[in-house]
Each structure stands twice: as C-alpha cells, then as structure tokens.
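One structure is given below, encoded as structure tokens.
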Amino acid sequence: LNFAANQTSLTAFQSTGVSVDVQVNGVAAGATPVPVTFSSNCGVFSPAEVRSNSNGKAVSTFQATGCTGGTATLSASATAASTVQTTLTVQPPAATNMLFVSAEPPTIYTSLASFGIKQSTVKFKLVDASGGAITTSSDVQISLAPSAIDSGVTFADTNSTAPKVVATDAKGEVSAIVKSGPVPTPLSL
C-alpha cells in the first residue's frame, strides 16, 4: 500500500496533506468506504479517522504540533489490515520570543546604599510560536538597556556593560547576575 505525505520535511507547527491507498481483496476500495485511523509519534492529524473516498484513498492533514525535531513516524491502520507507515523530517521549532521569568531578589539597592542587597539574578526563557520552551541549547545575547547603563548597572561576573552571549539550559532559560549602580533605575535588558 502507498502511504505518502505531500511534503517530506516540515518545520515544527507546519502541516502537510497525507494519503493512503486503501484496498479490499487487492482492489481499490472505491465502492466500499473503509475507515482508516491515522496516528504518529508526535503531531496531530485532522481528522484522525476518515473513510476512504471513491478513488480508494484515505486523506487527512498532519500538523507537526508538539514535534521537537527529528523524525516523525506516521501510521495508517484499518481493521483486518496491516498498519502502514511513512516518515517525515521535522525541523526543531524556531525561537520567536524571550519571556521574562524572574528576578531574584526583585528589588536591589543602589551601590551607594549603606545597606541591602546590590545584585539580582534575572532569568528569561526562549520560546517558540506556541509559547513552549526551546529546549535545545541556543546562544542568546543579553544586553543592558541604555538607561540601565547610564545608571551604572553592570553584569556582576564581568563588571562590565558589554553584551554577553549565554547558552540556554534544558528548560530554555538563560540567566545573568546584574549589579546595581549609584543611580536608582528600573532595570531593562
């Protein structure tokens, strides 16, 4: 039996049509609609169950939602028939945004204050179009906003205002420790 996808390579969240030839006793199931169920190791089918059409084909759409990259194995099955499979290559989801996660502590004191904590760990998450974390290691450039630099804020590890590149962790997060300057300011990265 022939099970094929219109495209053999997708990016995460992209979709493609799929079709499988359905036969009854070696003849295309044109006169007798046969229910076919589609499934995969990632992604979704819409619809997941269809009946073969007058040409003896069962047709659906596969969307690579939830696929993190690699190979998606698609299966089509019907009662009293062998399951057939095909594979697609799915590219990892692309990063589309950075989300603020936390600042710990959320408030720090100026470097001239005689008391209080003067540095904070700020954390951000790299996400895809669905808001899901990009879990493969990715390099992210972190920069201080001009207003923060003007207020004397620096990165604590380098004691510098120069942008830095940090790799995301397994949760898609990056963090940096910032140190306050002599002028009060809201911090923007």
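The values are calculated or read from the model by the stated rules, or taken from the named source; none is laboratory data. Remember, predicted model here, so these are calculated numbers, not experimental data. Ideal geometry is used to build each Cβ from the backbone, glycine not excepted, and the neighbour counts take in all protein chains shown. When the accessible area is computed, the model is the full protein with side chains, heavy atoms only, and any ligands, DNA or RNA have been set aside. Shrake-Rupley method; radii C 1.70, N 1.55, O 1.52, S 1.80 Å.
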*Among (1) over 30 Å from residue 2 (Cβ atoms); (2) at pLDDT 95 or above; (3) of a type outside the set (S, T, N, Q), where does residue 74 come up short?*
(1)
*Determine, yes or no, whether residue 113 is part of a loop (DSSP other than H, G, I, E, B), among the small types (Gly, Ala, Ser) and crowded, with 16+ Cβ neighbours inside 10 Å.*
no
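Would you check if there is a residue in the stretch 37-53 being more than 30 Å from residue 180 (Cβ to Cβ) and modelled with pLDDT under 90?
For the stretch 37-53, residues more than 30 Å from residue 180 (Cβ to Cβ) and modelled with pLDDT under 90: absent.
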_Of all residues being of a type in the set (A, V, I, L, M, F, W, C), open to solvent by less than 50 Å² (accessible area, probe 1.4 Å) and over 16 Å from residue 79 (Cβ atoms) in the stretch 10-36, which is modelled with the lowest pLDDT? Just the residue, please._
12
_For the stretch 161-175, give me the residue count where each residue is open to solvent by less than 70 Å² (accessible area, probe 1.4 Å) and either over 15 Å from residue 122 (Cβ atoms) or not in a strand (DSSP E or B) (or both)._
6
*Of all the residues that make up the stretch 83-106, how many are part of a loop (DSSP other than H, G, I, E, B) and touching a residue at least 12 places away in the same chain (Cβ under 8 Å)?*
7
*Taking only the stretch 76-108 into account, find how many residues are touching an Asp or Glu at 6+ places or on another chain (Cβ under 8 Å) and surrounded by 13 or more Cβ atoms within 10 Å (Cβ to Cβ).*
3
